[in-house]
Amino acid sequence: MKPIVISISRRTDIPAFHSRWFYKRLEENFAEYRNPFNGKIHRVSLAPEDVRAFVFWTRNPAPLMANFGSLEERGTPFYFLYTINGYPPELERSNPSPDRAANTFRRLSGRIGAERVRWRYDPVVLTRETDSDFHKFNFERVARRLEGATKECIFSFMDLYGKVRRNMAALPRRFQPLEADLAERRELASELAGIGERYGIHLLACCEDDLTGAVAGKARCVDPELLGRIAPSKDKLPLRPSREECGCAASRDIGGYDTCPHGCVYCYANASPEAAIRRYRLSDPTLPMV
């Protein structure tokens, strides 16, 4: 069997909340996850010879970094997709502050290199309170703090999935979502791209092919080119899009939905912030599945 890429995780923040679980999985060399569509449980090997690379998704890698030496000793290549949005608490209930997140980001980048830590400013949530002017100011505030610590920023505009629309409906009127037309989205994307370039950060659009030309290029979160550099192999990584316009390489995601208590109201991975907190409190780091 060819070594595979392990995604950790689009469905929950394992570095922030499940790092003990993850390190236990490394000790036992396997993890389990539930298929979100049919409920079937799958087992995947995490033995070094079976894993080509780890791709971490997080808003706070500090808990994982507390035991970083054991991860580095395994020799498995890895990189991070690190989200810093800096939204008001009505949208993000318990994320680290932008300043604290940027400090951790810089510490992580200093240890593993700027190429292996990509900033995600994602999703771009447009409301009366978080309008285009807010995003231009907010994006620059974070970009300034990350100058030299990353080379790329991945973004997309929020998709109003049913659960997202339902959760946001309970917010005050000033936080009700606004749907911008293509011209408005292209104008804002172009502004953010220009800001990013001033700080040496290229803005890439995730699943937003209609923004071609307004930004530096198309994002590939599970990036076959970066993986080819940090985990070279004669075997070419196949592409396996997770949705329309996605350019990601094939990977296996070992996370579980409704297990991240960050409390982001716009999150597609939780039925509600309250449901995620309840399930997180029941999680057991000794079990093979989050």
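The values are calculated or read from the model by the stated rules, or taken from the named source; none is laboratory data. Everything numeric in this text was worked out from a predicted model, so none of it was measured. So basically every Cβ, Gly included, is an ideal-geometry build from the backbone, and we count neighbours across all protein chains shown.
Restricting the range 170-188 to residues that are closer than 20 Å to GLU129 by Cβ and among the small types (Gly, Ala, Ser), the residue that is surrounded by the fewest Cβ atoms within 10 Å (Cβ to Cβ) is ALA170. Within the range 85-118, being part of a helix (DSSP H, G or I) and within 19 Å of SER7 (Cα to Cα) holds for LEU108, ILE112, GLU115, ARG116.
PHE54 - would you say it is assigned to a strand (DSSP E or B), surrounded by 13 or more Cβ atoms within 10 Å (Cβ to Cβ) and free of Cβ contacts under 8 Å to residues at least 60 places away in the same chain? Spelling it out, PHE54 is indeed assigned to a strand (DSSP E or B), surrounded by 13 or more Cβ atoms within 10 Å (Cβ to Cβ) and free of Cβ contacts under 8 Å to residues at least 60 places away in the same chain. Residues that are over 18 Å from the mean Cα position of the chain (by Cα) and within 23 Å of ARG220 (Cα to Cα) were ranked within the range 127-159; the one that is surrounded by the most Cβ atoms within 10 Å (Cβ to Cβ) is HIS135.
Residues of the range 57-84 that are assigned to a strand (DSSP E or B) and more than 19 Å from ASN29 (Cα to Cα): TRP57, THR58, TYR79, PHE80, LEU81, TYR82, THR83. Of the listed requirements (1) more than 20 Å from the chain's Cα centre (by Cα); (2) at pLDDT 95 or above, PRO123 misses just one: (1). Just so you know, in the range 269-282 the residues that are crowded, with 18+ Cβ neighbours inside 10 Å and assigned to a loop (DSSP other than H, G, I, E, B) include one that is nearest to the chain's Cα centre (by Cα), and it is ALA269. VAL222 - would you say it is part of a loop (DSSP other than H, G, I, E, B), touching a Cys at 6+ places or on another chain (Cβ under 9 Å) and at pLDDT 95 or above? Considered against the rule, which asks whether it is part of a loop (DSSP other than H, G, I, E, B), touching a Cys at 6+ places or on another chain (Cβ under 9 Å) and at pLDDT 95 or above, VAL222 comes out as yes.
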